[in-house]
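Here's the structure, in structure tokens; my notes come after.
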Amino acid sequence: MSRKKIVAGNWKMNMTQDQSINLISELNQITSNDVEIKIAPSFTNLSKAILILENSEIEVIAQNVHFEERGAFTGEISVEMLKSIGVSNIIIGHSERRKYFNETDIILSKKVKVAIDNSMKIIFCVGEELSEREKGNHFDLIKSQIINGLFELSTDKIKSVIVAYEPVWAIGTGKTAENHQIQQMHEFIRKLFKDNYGNDISNKLRILYGGSVKPNNAKEIFSLADVDGGLIGGASLNFSDFKAIVQAAHG
Ligand code: 13P
């Protein structure tokens, strides 16, 4: 089964407007061919990014969304607001949201629902802390994150989901997971989808790896059987690094 690779840059809380315009203008030169490229700037940089990349194949996506459609939720951003500026894909459940903003499985399943019910696509992140892996709990934990966050979706709606496996201990640490650990977890996730939704959905599901992906390890990681690309943090803030990672995904 050949699945189109995705390289998505999660800029997190980085880049002022000027810095963002500079980087996006450079990214605009990248031709994607057989790789889907996405970038997730901060909310304040989304509109500009969409304008600059209007004629490019790079998709501009959001890093987060609120779980209610509208109302008295000061400081929050709704699905409708994102849609109205041309965003149609949202990262949900990043470990930094889970950890620093107390986003539980229940909150995340509400975010998933509001996004998908409003015709959005999502990149749903899962990942274990090092302590969970050391206790041997990592498969159970990922399973519960996926079941609680996603498996209320119908077969039709689950098609709008991309999964990103990001072991927390590999994020921003320069410590990438071993290839066999990555492949094993991705295979496990695909099997969960197979058991719940069948062969067709699981074969088409794209599962990204995230956690210290750099130009020097991207090719190896992307060549693993169940890895369909990467969610890139630090290296997505640097044009030549991100470009090299996109190139590595071309295979
Ligand atoms: P790093 O690539 O900086 O480790 O971050 C990964 C990540 O969290 C992407 O969402």
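Key figures for this structure:
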item: For the chain, alpha-carbon Rg relative to the globular expectation (2.2 N^0.38 Å, N residues); result: 0.94
item: Hydrodynamic radius (Kirkwood) for the stretch 1-140, which is based on Cα pairs only, to one decimal in Å; result: 16.4
item: Rel. contact order, % - alpha carbon contacts under 8 angstrom, at least six apart, the stretch 13-144; result: 18
item: For residue 64, distant residues with modelled amide H under 5 Å away; result: 91
item: Cβ charges +1 (Lys, Arg) and -1 (Asp, Glu), total dipole of the chain, debye; result: 160
item: The stretch 61-120, relative contact order in percent, only Cα pairs under 8 angstrom and at least six apart counted; result: 43
item: Amide hydrogen neighbours beyond the local backbone of residue 124, cut-off 5 Å, H modeled; result: 92, 162, 163, 164
item: Length-normalised contact order for the stretch 80-221 - Cα pairs under 8 Å, 6+ apart - percent; result: 23
item: Order of 100, 165 under a 10 Å beta carbon neighbour criterion, fewest first; result: 100, 165
item: Within the stretch 169-247, GluC sites (Glu not before Pro) in DSSP loop having at most 14 other beta-carbon neighbours inside 10 Å; result: 178
item: Most mobile of 167, 215, 41 in a GNM of the chain (Cα contacts under 10 Å); result: 215
item: Over the stretch 169-248: Rg over Rh, Cα atoms, Kirkwood Rh; result: 1.02
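We did not get these values from a lab; they are worked out from the coordinates using the rules stated. Just so it is clear, the structure is predicted and the values come from calculations on it, not from any experiment. Note that each Cβ is placed from the backbone with ideal geometry, even for glycine, and that neighbours are counted across all protein chains shown.
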